[in-house]
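For reference, the structure discussed in these notes is given below.
The values are calculated or read from the model by the stated rules, or taken from the named source; none is laboratory data. Since this is a predicted model, take the numbers as computed values, not measurements. Neighbour counts run over all protein chains shown; Cβ positions are idealised from the backbone, glycine included. Areas reflect the complete protein model, heavy atoms only, side chains present, ligands, DNA and RNA absent. Shrake-Rupley method; radii C 1.70, N 1.55, O 1.52, S 1.80 Å.
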Amino acid sequence: MDGANAGDVPAEREQIMTERFERHRQPWTYEELEKLKLLARKGMALKAISKAMTRSEESIKDRAKLDGIGIAKLR
């Protein structure tokens, strides 16, 4: 393991964690709901929708279930 790279990993991980929870428990907007419906209709997978909307997979899953939106199950 290279000592020069070892210091970069925690800072990088911290940045990812900060980005991930930046929108924690934010209410869904009308535009977000429309985007979720559109992406689900296109047959996008949960992971892809989550990345496109910058929301957690769990959040996407919960909202889709609440609104009766089917998310494709790609295997």
- Query: If you scan segment 44-75, which residues turn out to be touching a residue at least 12 places away in the same chain (Cβ under 8 Å) and of a type in the set (S, T, N, Q)?
  - Reply: 54, 56
- State the number of residues belonging to segment 24-58 that are among the polar types (S, T, N, Q) and out of contact with any Ser or Thr (no Cβ under 8 Å at 6 or more places or on another chain). 3
- Item | First in segment 28-43 and under 16 Å from residue 56 (Cβ atoms), second anywhere and among the basic types (Lys, Arg) and outside any helix (DSSP H, G or I), Cβ under 9 Å, 6 or more apart | 28/55; 32/55; 36/55
- Scope segment 31-69; condition open to solvent by 90 Å² or more (accessible area, probe 1.4 Å) and among the aliphatic types (A, V, I, L, M); matching residues: 66
